[in-house]
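No value in this document is a laboratory result; all are computed from the given coordinates. Quick caveat: nothing in here was measured; it's all calculated off a predicted structure. Positions of Cβ are backbone-derived with ideal geometry, glycine not excepted, and every protein chain shown enters the neighbour counts.
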């Protein structure tokens, strides 16, 4: 699952860069925010998925007993990682919602050869990334 997630995130970043080179940047605020998310979220997902620090369960909502100063350092690191994981999940949900908005607001769509592939990557990447972030230990 990690491999598929990595491939989709890299593909989304590369395709977004190609579209920006070919079409340019929109002047509307909503689309500027969408472009930012299309470039930022894949990088954020990759950093979260490929990180090597572990967690014990999904969002680490359990409480640990702090026996020593070393344990306290590990717990604060773990809680920071939980915040980043929640932020990554939220960014993927926002990206998915904003992508749906952009798809609906730009109807009828162009008859370009890569449009269907780009649309599929934009919608699949946040969904697969959400699954990878939610169910796999990091």
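Shape verdict for region 89-138, please, from the Cα gyration tensor: rounded (a/c under 1.5), prolate (a/b greater than b/c) or oblate. Note, shape of region 89-138 comes out oblate. Taking 0.36 nm per residue of separation and subtracting the Cα-Cα distance, full extension of the segment from residue 32 to residue 104 would add 24.3 nm.
When each of the peptides 121-132, 87-98 is scored by how many other beta carbons lie within 10 Å of its residues on average, the order from highest to lowest is 121-132, 87-98.
Simple spin-label estimate for residue 19 and residue 50 gives 2.3 nm between the two label positions (7 Å along the Cα-to-Cβ direction from each Cα).
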